[in-house]
Amino acid sequence: MVFNIMIAFLTSLISLIILRPIAIKFNLVDYPNERKNHIGNIPLVGGPCVFLGIMTSYMFFNEYDKFSSVLLITASLILIMGIWDDFVNLKAKTKMVFQIFPSVIIIYVTDVKIESFGYLFGVSYPLELGLLSIPITIIAVIALTNAINMIDGLDGLAAGIVFLATTGLICFNLTQEFSQFTSILLAVASALLPFIIFNIAPYPKTKVFLGDGGSLLLGYIISWALIYSAENINTFTPSFVLWCVAIPLFDLVAVIILRIVNKHSLMIARKDHIHHFLENLGISKKLILLLIISSGLALLLIGRLVENNFPALSFPLFLTLFLFYLIMRIYKNGENKVKIY
């Protein structure tokens, strides 16, 4: 376990140091514009470096595990598609097709999928999905993958949310017998740390971004990690999955509803995500990061507490908190015009 952590961390760190100048040379950088007000051209190497850390750890210090292997292979396809998107700005429909394909592979090869919603609203029998299992799984993975991608608009935010969810899964999975899957989670968390340090660094000469490749990669991995934990390890109920990634889910669903209400296109990027909302309130970016990550941790702990003591209230409480957030967003949305990227 210690070697897992060390190798993932060091590989990610060394990769960042080596690939940063290479990315600048080949123009794989993020330019400032109306949508992005960072200083300088920032290399988009965070995703590949994190992935190298995870893969190196798995290849050298883990025994073969079918699900973990297929997850990482398909995740590499997501990463490649995301890097391609960073270069040429793919159309939304094209990206959707490329995101569906890896999920179909992992379901076909491993048979891991969402088979039940559990005992939502305290009903006495589990809500089995039957034939809807595969399409709902694909929709869930695509939704969360893109939720992480869309929230990646503030230094440290997307990586911090995934790090929080991953460490939460590690803590809860460690209550079971140590598995190869837990080793993957440890590698993900360890590989993320160097990137977060580089990403939130105030110095342009050290800063790096995830890019679409990195944010989609992290969203894809955490999506399947949550599904696998809920359906195959039985560490917690399906409803607890929502608490692990409450912030990106709140943001995704609220943005979709607001755009539909305002008759805005769902495909055109706008400054209407949670970090934009808080920024419009006059809160500094550093404080926004602290507030969102702290809120994510609080929701994770609340979810665990409710799941352990009042499982029938888990989903209703989650839904209530989301509705409170949505009402607040709708109220404030009426006061401010949302900018288009």
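Restricting attention to the stretch 114-123, which residues are modelled with pLDDT of 85 or more and open to solvent by less than 50 Å² (accessible area, probe 1.4 Å)?
Across the stretch 114-123, the qualifying residue is only Ile114.
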Residue hits (the stretch 33-46; under 24 Å from the mean Cα position of the chain (by Cα) and at pLDDT below 80) are Arg35, Lys36, Asn37, His38
What about Met59, is it open to solvent by 30 Å² or more (accessible area, probe 1.4 Å) and modelled with pLDDT under 90?
yes
**Prompt:** Does Phe26 satisfy the criteria of being at pLDDT below 90 and of a type outside the set (D, E, K, R)?
**Reply:** yes
Filtering the stretch 65-113 down to residues that are over 17 Å from the mean Cα position of the chain (by Cα), among the charged types (D, E, K, R), within 17 Å of Met150 (Cβ to Cβ) and open to solvent by less than 50 Å² (accessible area, probe 1.4 Å) yields Asp85, Asp86
Would a scan of the stretch 182-203 turn up a residue that is in contact (Cβ under 8 Å) with a residue 60 or more places away in the chain, open to solvent by less than 50 Å² (accessible area, probe 1.4 Å) and more than 19 Å from the chain's Cα centre (by Cα)?
-> no
Quick count over the stretch 307-325, residues being part of a helix (DSSP H, G or I) and free of Cβ contacts under 8 Å to residues at least 24 places away in the same chain, is 7
(1) open to solvent by less than 20 Å² (accessible area, probe 1.4 Å); (2) at pLDDT below 95 all hold for Val162 apart from (2)
Q. Can Ile17 be described as assigned to a helix (DSSP H, G or I) and open to solvent by 70 Å² or more (accessible area, probe 1.4 Å)?
A. yes
Picked from the stretch 124-159 (must be surrounded by 14 or more Cβ atoms within 10 Å (Cβ to Cβ), assigned to a loop (DSSP other than H, G, I, E, B) and not β-branched (Val, Ile, Thr)), the residue modelled with the lowest pLDDT is Pro126
Being surrounded by fewer than 16 Cβ atoms within 10 Å (Cβ to Cβ), in contact with a helix residue (DSSP H, G or I) (Cβ under 9 Å, 6 or more places away or on another chain) and more than 20 Å from Ala147 (Cα to Cα) narrows Leu313, Leu291, Leu305 down to just Leu313
Sole miss for Ala298 among (1) among the small types (Gly, Ala, Ser); (2) within 19 Å of the chain's Cα centre (by Cα); (3) modelled with pLDDT under 90 is condition (3)
Exactly one of Met55, Met59 is farther than 21 Å from Asn27 by Cα and free of Cβ contacts under 8 Å to residues at least 12 places away in the same chain, and that one is Met59
Matching residues in the stretch 254-292 (among the hydroxyl-bearing types (Ser, Thr, Tyr) and modelled with pLDDT under 90) number 1
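The values are calculated or read from the model by the stated rules, or taken from the named source; none is laboratory data. Because the structure is predicted, anything quoted here is derived from the model rather than measured. In this analysis, Cβ positions are derived from the backbone assuming ideal geometry, glycine residues included, and neighbour counts consider all displayed protein chains. Heads up: the accessible areas ignore ligands, DNA and RNA and are worked out on the full protein's heavy atoms, side chains in. Shrake-Rupley method; radii C 1.70, N 1.55, O 1.52, S 1.80 Å.
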